[in-house]
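Quick note: the coordinates plus some simple rules give every number you see, no bench work behind them. Keep in mind that this is a model prediction, so the values were computed, not measured. Please note: Cβ atoms are built from the backbone with ideal geometry, for glycine as well, and neighbour counts cover all protein chains shown.
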């Protein structure tokens, strides 16, 4: 966590001192580019994006734990310039094959026209690019994905 993120975190804790327990999870942004991080963070701030999806294999590759539901655990959402824009709390997690992601989850991702077909196309395109860069051959329709639902708990 850099200095700006630390100040943001301390302000969040100060503004929410009524909570019995506040634990820091991660500071993170969406996607693999600053443009994508900005675009998706803006959807979150507008209330249009309340879910995200990651490939399980990516968590395994970087040896990162799958997010968990813990009402005392909060993340800092970063924009494309790594500036903090909101505090998020995970409200639900489930793992499912890519091909079994639901219309509801796709809609809550808030991207494009919010349809499942758009979600599948955009995520498959994204993961094909990522896995090609990592030299990983994977069948995307059958791969497991981590579907995370979250709420914006606080924003300045």
To test your reading of the geometry: what angle, between 0 and 90 degrees and rounded to tens, separates the Cα axis of helix 116-133 from the longest principal axis of the chain? 90 degrees
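What is the gain in length, in nm to one decimal, between residue 68 and residue 92 on full extension, counting 0.36 nm per residue of separation less the C-alpha to C-alpha distance? Show your work: numbers first, answer last.
On the way: separation 24, 0.36 × 24 = 8.64 nm, distance 0.77 nm.
That pair, residue 68 and residue 92, stretches by 7.9 nm at full extension.
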Once both axes come from the Cα atoms, what is the angle between helix 3-15 and the longest principal axis of the chain, in degrees from 0 to 90, rounded to 10? 60 degrees
Cα→Cβ-extended label distance, 7 Å offset, between residue 133 and residue 103, nm: 3.4 nm
For the ranges 32-38, 6-12, 85-91, what's the packing order if you count other beta-carbon atoms within 10 Å of each residue, average per peptide, and put the highest first? 85-91, 6-12, 32-38
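At a 10 Å Cβ-Cβ cut-off, how would you order 139, 144, fewest neighbours first? Intermediate results must be reported in sequence, preceding the final value.
On the way: 139 9, 144 14.
The most exposed by this proxy come first: 139, 144.
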Per residue of the chain, what 222 nm ellipticity follows from adding -39500 (n - 2.57) for every DSSP H run with n ≥ 4, rounded to the nearest 500? -11000 deg cm²/dmol
Label residue 4 and residue 21 with points 7 Å out from Cα along Cα→Cβ: what is the distance between them in nm? 3.2 nm
